[in-house]
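Participant: One structure is given below, represented as structure tokens, and several questions about it will come after.
The values are calculated or read from the model by the stated rules, or taken from the named source; none is laboratory data. Computed from a predicted model, the values in this text were never measured in an experiment. A quick note on method: Cβ atoms are made from the backbone with ideal geometry, for glycine too, and the neighbour counts reach across all protein chains shown.
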Amino acid sequence: MNNSSESRKLKLIPDPHLFKGLSDSEKKNWADYLYANPKPSTCKLNLRNHIIALYDPFVLRKDFQAGRRWCVNVYVGCAFQCKYCYIISYIRNPFHPRVKKNFEKLLCKDLEEIARLKLHPAPIHISNSTDSLQPLEKKFNHTLFLMNKLQKYSKHFTTITMLTKNPEYLCTNEYLKAAQSLKNFQVEVTCPFYNEDARKFFEPGAPPVENRLDSIRKLRRNNISVILRIDPIFPRNPLPATFGNSDIKDYKILEGQTMADIKRLIEFASDVGCSKIVVSPLKLITGRFGQSELFHEYRKFYAIANNGKLIKKGPAYRLPWELYQFWIEEPKNIAESKNISLVFCKKNLIETL
């Protein structure tokens, strides 16, 4: 590609904020990795298909200021069938997990290209849209393959963050050895419930609560950095004064968490030495391929909470931010008293450098 065509390609980049602070040569290398040349009929660059792809590639960085970061979704779909899961809005057959064709070959190709282009080091997140340690892993070992490959290429990634509801896998010898070999590795374990009955209802295919907590203990004993995700935060009692003397049950919705449950999780995270706690509000997902199982049960409450009008943002209905802050105030105070940081999901993402 000559200089004029290189200059033209840089001008066609649809997300210039993504390359903030990079030289023109670095921008070119990133553009070569991420984008294919435009078709003759259009002036817009097209994203290339990669195993190692941009984190949330369809959102412009000026709107979602997460900077340059990677994401690897090891599998497609998830066996855990969580009723609040957001992948139903953009993945067909979300709860029928499957492997990616030629995963290992294409992963190696991406890693080699990132190294060849000398792309500016960035964080990498393992499986935001599907659990990398779900039952498929027992047969295919694609996540273990990824972890072992990242050892050779770790200098190209500032942090390596795995998100999972099944940390038990990481406690087995091969996975633990791989995790310990990655100096910049951390695992975010999602465990929004302390009550097992609530877990069975909202996360029917996921591992039991005690399995997760016991695995976190083992990981911490082996000096693996762990972040506990109490995610999502569900509506719970007590309700604000604006709801009068009503109870969650009056709206015919389940109380997924009590304050006592959340307190126990915070105390656990502090006692075992988790680095922080991450929280985010329950969203009612609706999208191209379906709706959250919770949509109809919670819809009335979400409307009442906002003076009868639903708040829709993207593929999700949300509670007023003030109400969410009401439910998070006491957990934040408890976490502060236990000397552990409690942060919102988006803040945690942006701060993971």
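Participant: Regarding GLN291, is this residue modelled with pLDDT under 95 and within 25 Å of GLU196 (Cα to Cα)?
Facilitator: yes
Participant: Shifting gears a bit: From GLY273, GLY205, grab the single residue that is within 22 Å of THR172 (Cβ to Cβ), under 19 Å from the mean Cα position of the chain (by Cα), in the same structural domain as LYS177 (by TED's automatic domain parsing) and surrounded by fewer than 21 Cβ atoms within 10 Å (Cβ to Cβ).
Facilitator: The conditions single out GLY205.
Participant: Looking only at residues in region 172-202 that are among the aromatic types (Phe, Trp, Tyr) and part of a helix (DSSP H, G or I), which one is surrounded by the fewest Cβ atoms within 10 Å (Cβ to Cβ)?
Facilitator: PHE201
Participant: If a residue must be part of a helix (DSSP H, G or I) and farther than 21 Å from ASP56 by Cβ, how many such residues does region 7-25 contain?
Facilitator: 7
Participant: Separate question: Find the residue count for region 80-124, including only residues that are under 22 Å from SER280 (Cα atoms) and of a type in the set (A, V, I, L, M).
Facilitator: Of the residues in that region, 4 qualify.
Participant: Any residue at all in region 157-171 that's of a type in the set (D, E, K, R), in contact with a strand residue (DSSP E or B) (Cβ under 7 Å, 6 or more places away or on another chain), closer than 24 Å to ASN348 by Cα and not in a helix (DSSP H, G or I)?
Facilitator: For region 157-171, residues of a type in the set (D, E, K, R), in contact with a strand residue (DSSP E or B) (Cβ under 7 Å, 6 or more places away or on another chain), closer than 24 Å to ASN348 by Cα and not in a helix (DSSP H, G or I): present.
Participant: Also, I was wondering about something else. Do we have SER7 as surrounded by fewer than 15 Cβ atoms within 10 Å (Cβ to Cβ) and modelled with pLDDT of 90 or more here?
Facilitator: No; evaluated as a whole, the condition is false for this residue.
Participant: Within the bounds of region 71-83, is there any residue that is free of Cβ contacts under 8 Å to residues at least 24 places away in the same chain, over 23 Å from PHE140 (Cβ atoms) and in contact with an Asp or Glu (Cβ under 9 Å, 6 or more places away or on another chain)?
Facilitator: Checked region 71-83: no residue is free of Cβ contacts under 8 Å to residues at least 24 places away in the same chain, over 23 Å from PHE140 (Cβ atoms) and in contact with an Asp or Glu (Cβ under 9 Å, 6 or more places away or on another chain).
Participant: Taking region 237-255 as the region of interest, how many residues are of a type in the set (D, E, K, R) and either outside any loop (DSSP other than H, G, I, E, B) or under 16 Å from ASN306 (Cα atoms) (or both)?
Facilitator: Qualifying residue count for the region: 2.
Participant: Report, ordered by the first and then the second residue, all pairs with beta carbons closer than 7 Å, sequence separation of six or more or different chains, a first member in region 268-284 that is of a type in the set (Phe, Trp, Tyr), and a second member that is not in a strand (DSSP E or B).
Facilitator: PHE268/LEU213
Participant: Among the residues of region 109-151, how many are part of a loop (DSSP other than H, G, I, E, B), touching a Lys or Arg at 6+ places or on another chain (Cβ under 9 Å) and crowded, with 19+ Cβ neighbours inside 10 Å?
Facilitator: Residues meeting the conditions: 4.
Participant: In this structure, is ARG61 in contact with a helix residue (DSSP H, G or I) (Cβ under 6 Å, 6 or more places away or on another chain) and either at pLDDT 95 or above or in the same structural domain as ILE233 (by TED's automatic domain parsing) (or both)?
Facilitator: So ARG61 fits the description; yes.
Participant: Filter region 315-353 down to the residues that are within 22 Å of the chain's Cα centre (by Cα), assigned to a helix (DSSP H, G or I) and β-branched (Val, Ile, Thr), then identify the one that is surrounded by the most Cβ atoms within 10 Å (Cβ to Cβ).
Facilitator: Result: ILE328.
Participant: Right, here's the next one. For region 236-260, give me each residue that is at pLDDT 95 or above and within 22 Å of the chain's Cα centre (by Cα).
Facilitator: Of everything in region 236-260, just one residue is at pLDDT 95 or above and within 22 Å of the chain's Cα centre (by Cα), namely GLN257.
Participant: Residue check: is THR242 farther than 30 Å from THR161 by Cβ and either in contact with a Pro (Cβ under 9 Å, 6 or more places away or on another chain) or assigned by TED's automatic domain parsing to the domain that holds ARG217 (or both)?
Facilitator: For THR242, the condition - farther than 30 Å from THR161 by Cβ and either in contact with a Pro (Cβ under 9 Å, 6 or more places away or on another chain) or assigned by TED's automatic domain parsing to the domain that holds ARG217 (or both) - is met.
Participant: When you look at THR159, is it modelled with pLDDT of 95 or more, of a type in the set (Ser, Thr, Tyr) and within 17 Å of TYR84 (Cβ to Cβ), yes or no?
Facilitator: No; evaluated as a whole, the condition is false for this residue.
Participant: For the list (1) within 15 Å of GLN325 (Cα to Cα); (2) surrounded by 13 or more Cβ atoms within 10 Å (Cβ to Cβ), I need the number of the one condition that LYS218 fails.
Facilitator: (1)
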